[in-house]
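In what follows, a structure is listed as structure tokens, so that the remarks can point back to it.
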Amino acid sequence: MEHSRRDFIKAAGLAALAGATFKTSVLSASPEGKESFSLATLPYAADALEPYIDRQTMEIHHGKHHKAYVDNLNKAVAGTALAGMTLEQLMSSMSKHPSAVRNNGGGHYNHTMFWKLMSPAGGGEPTGKIAELINRDLGGFNTFKEQFSTAALSRFGSGWAWLVIRDGKLEIGSTANQDNPLMDLSDFKGKPVLALDVWEHAYYLKYQNRRKDYIENFWKVVNWGEVNRLVGK
Ligand code: MN3
């Protein structure tokens, strides 16, 4: 009995080993399997945020712009030590990396966060921890909303508006291009809990030059549940 059981375990172990070897060789034979970063599908349908954000903008923004950041990030890290790093690790050591990693790594991180920060069931006033922090640190929801909107409106050219936690307190700011508050080289730092893309590609098809209207409508889709999840992390 004991003998046959041992043989069985040995045979099972060999089979598992063969399986593992097979999988490894399949992966290394396939260039797609080696890519470090991938584009997740949107957490809702492309038209789910209408009328505030239109379907065509969402399709192009996610399927073309965000996809290009992912593809170009993968190209930029391929065959380098950066290929094994997480996005967070790349952000915190960004001053050491080429500009292609800064632009496309930031683009990938920021958009991944941005999609989840909106929801067809979003909008309204926040509840829970974020509501408490906004009241404590930023003078209440209306003052916060006005200050965040001003940061988004006054960011010249392309960039992002942010709500972050720094040293335990909420702060509002903005960054240029695809920079974000997790990058060591950013002049505005903290843990992001809300982000708004103010690149023209985020609103131009529907709003043309009216960034202010786009920002006003953003408040109607903000996913406060996701904000609270990020605050709690
Ligand atoms: Mn964008």
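The values are calculated or read from the model by the stated rules, or taken from the named source; none is laboratory data. Every value quoted in this text rests on a predicted model; they were computed, and no experiment measured them. Reconstructed Cβ throughout: ideal geometry from the backbone, glycine too, with neighbour counts over all protein chains shown. Keep in mind that these areas ignore ligands, DNA and RNA; they rest on the heavy atoms of the full protein, side chains included. Shrake-Rupley method; radii C 1.70, N 1.55, O 1.52, S 1.80 Å.
Pairs please, first residue from the stretch 162-175 and closer than 10 Å to Gln147 by Cβ, second anywhere and charged (D, E, K, R) and assigned to a strand (DSSP E or B), Cβ atoms under 8 Å, 6+ apart in sequence or on different chains. From residues that are closer than 10 Å to Gln147 by Cβ, the pairs are Leu163/Glu171. Does Met113 count as open to solvent by 10 Å² or more (accessible area, probe 1.4 Å) and in contact with a strand residue (DSSP E or B) (Cβ under 8 Å, 6 or more places away or on another chain)? The answer is yes for Met113.
Take Asp184 and decide whether it is farther than 24 Å from His65 by Cβ, open to solvent by 30 Å² or more (accessible area, probe 1.4 Å) and within 21 Å of the chain's Cα centre (by Cα). The answer is yes for Asp184.
Scanning the stretch 172-181 for residues that are buried (at least 20 other Cβ atoms within 10 Å of the Cβ) and not in a strand (DSSP E or B) yields Gln178, Asp179, Asn180, Pro181. Mind checking which residues of the stretch 119-149 are exposed (fewer than 15 other Cβ atoms within 10 Å of the Cβ), over 30 Å from Asp47 (Cβ atoms) and β-branched (Val, Ile, Thr)? Thr143 - this is the single residue of the stretch 119-149 that is exposed (fewer than 15 other Cβ atoms within 10 Å of the Cβ), over 30 Å from Asp47 (Cβ atoms) and β-branched (Val, Ile, Thr).
A count restricted to the stretch 150-166 and to residues that are of a type in the set (Phe, Trp, Tyr) and open to solvent by 10 Å² or more (accessible area, probe 1.4 Å) stands at 1. Within the stretch 71-93, identify whether any single residue is within 16 Å of the ligand (Cβ to nearest atom), touching a residue at least 40 places away in the same chain (Cβ under 8 Å) and open to solvent by 50 Å² or more (accessible area, probe 1.4 Å), and answer yes or no. So far as the stretch 71-93 goes, no, none of its residues is within 16 Å of the ligand (Cβ to nearest atom), touching a residue at least 40 places away in the same chain (Cβ under 8 Å) and open to solvent by 50 Å² or more (accessible area, probe 1.4 Å). Scanning the stretch 190-203 for residues that are outside any strand (DSSP E or B) and more than 11 Å from the ligand (Cβ to nearest atom) turns up just one, Gly190. Just checking, does the stretch 115-123 include any residue being within 29 Å of Asn72 (Cα to Cα), touching a residue at least 24 places away in the same chain (Cβ under 8 Å), away from the ligand (no atom under 16 Å from the Cβ) and not aliphatic (A, V, I, L, M)? Within the stretch 115-123, one or more residues are within 29 Å of Asn72 (Cα to Cα), touching a residue at least 24 places away in the same chain (Cβ under 8 Å), away from the ligand (no atom under 16 Å from the Cβ) and not aliphatic (A, V, I, L, M). Considering Lys206, Lys220, Lys169, the condition of being touching a Ser or Thr at 6+ places or on another chain (Cβ under 7 Å) and open to solvent by 70 Å² or more (accessible area, probe 1.4 Å) is satisfied by Lys206 alone.
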